[in-house]
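Shown next, in structure tokens, is the structure this report addresses.
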Amino acid sequence: MTMKLFFQAIIKFLCGVILVGLLIFLPAGSWAFFNGWLFMGILFIPMFFAGVIMMIKNPDLLKKRLKAKETEKEQDLVIKLSGLMFLSGFIVAGLSYRFEWESMPKTMIIIATLIFIISYILYGEVLRENAYLSRTIEVSENQRVIDTGLYGIVRHPMYSVTLFLFLSMPIVLGSFYSFLIFLFYPIIIVKRIKNEEEFLQKNLDGYKEYMKKVRYRLIPFIW
């Protein structure tokens, strides 16, 4: 661990907290938006502790996770579309609270919160299983195919987990209109996976054999 990596991680974390907070609470027009605080809590508290653990046990993985510059043109478009989805989804959730556009049942919010937390735990398991994970599409030196654990069920368990994470977010925020916006995520992630697999088949030894061994990309028995 280096001080440079430490400060880079802390600054990026704080910027994320501030940005998401502004996107939610400014449109809401009030700090009394309970669902906003609930979401901020279940998102950033586990993220902080996960970052601390990575910083101590696997700083190389943390460094990869902090890297956000995508070199693949098609993937750069995917990143921008995802950013637009989050931007509009959070703003709409805040506006829904301010103008009382809807009333989400508490039971749905509780279930969505549990789904989010479980998905976050599974996300941590994916990071534990695959030390090569990066936010950008690349192949590291001496990288090998991971085919155990969740990777023995689907080829892209990280995306499977984020599917549940992101689709539960607007429900935690209590906004059905925001949920409609987040429904674009499955389309975005399918596009990313197809391009990623083309890249991995060309650049990662053993990936073609892995595709034959594990048939499903995202959801078992579906796709």
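The values are calculated or read from the model by the stated rules, or taken from the named source; none is laboratory data. Given the structure is predicted, the values throughout are model-derived calculations rather than measurements. All Cβ positions, glycine included, derive from the backbone under ideal geometry; neighbour counts span all protein chains shown.
For residues that are exposed (fewer than 14 other Cβ atoms within 10 Å of the Cβ) and either in contact (Cβ under 8 Å) with a residue 24 or more places away in the chain or not basic (Lys, Arg) (or both), scanning just the range 203-218, find the one that is nearest to ARG192 (Cα to Cα). Filtering the range 203-218 for residues that are exposed (fewer than 14 other Cβ atoms within 10 Å of the Cβ) and either in contact (Cβ under 8 Å) with a residue 24 or more places away in the chain or not basic (Lys, Arg) (or both), the one nearest to ARG192 (Cα to Cα) comes out as ASN203. Restricting attention to the range 153-170, the residues that are in contact with a helix residue (DSSP H, G or I) (Cβ under 6 Å, 6 or more places away or on another chain), closer than 20 Å to PHE90 by Cα and either surrounded by 24 or more Cβ atoms within 10 Å (Cβ to Cβ) or of a type in the set (Ser, Thr, Tyr) (or both) total 2.
What number of residues within the range 47-76 satisfy the criterion of being modelled with pLDDT of 75 or more and either under 27 Å from ILE171 (Cβ atoms) or in contact with a helix residue (DSSP H, G or I) (Cβ under 8 Å, 6 or more places away or on another chain) (or both)?
Quick first cut of the range 47-76, residues modelled with pLDDT of 75 or more only: 47-57, 59.
From what is left, the residues that are either under 27 Å from ILE171 (Cβ atoms) or in contact with a helix residue (DSSP H, G or I) (Cβ under 8 Å, 6 or more places away or on another chain) (or both) are 47-51, 54-55, 59.
Matching residues across the range 47-76 total 8.
I'm checking my understanding of the structure. Among residues of the range 1-30 that are modelled with pLDDT of 95 or more, within 22 Å of the chain's Cα centre (by Cα) and not aliphatic (A, V, I, L, M), which one is farthest from LEU84 (Cα to Cα)? That would be PHE25. If you check ILE187, ILE171 for being in contact (Cβ under 8 Å) with a residue 60 or more places away in the chain and closer than 30 Å to THR107 by Cβ, only one passes: ILE171.
Of the residues SER119, SER88, SER96, the single one that is modelled with pLDDT of 90 or more, surrounded by 15 or more Cβ atoms within 10 Å (Cβ to Cβ), of a type in the set (Ser, Thr, Tyr) and closer than 30 Å to GLN201 by Cβ is SER119.
Can you name every residue in the range 165-204 that is among the aromatic types (Phe, Trp, Tyr) and out of contact with any Phe, Trp or Tyr (no Cβ under 8 Å at 6 or more places or on another chain)? Can you show your working first?
Of the residues in the range 165-204, the ones among the aromatic types (Phe, Trp, Tyr) are 166, 176-177, 179, 182, 184-185, 199.
Residues satisfying the conditions are PHE176, PHE179, PHE184, PHE199.
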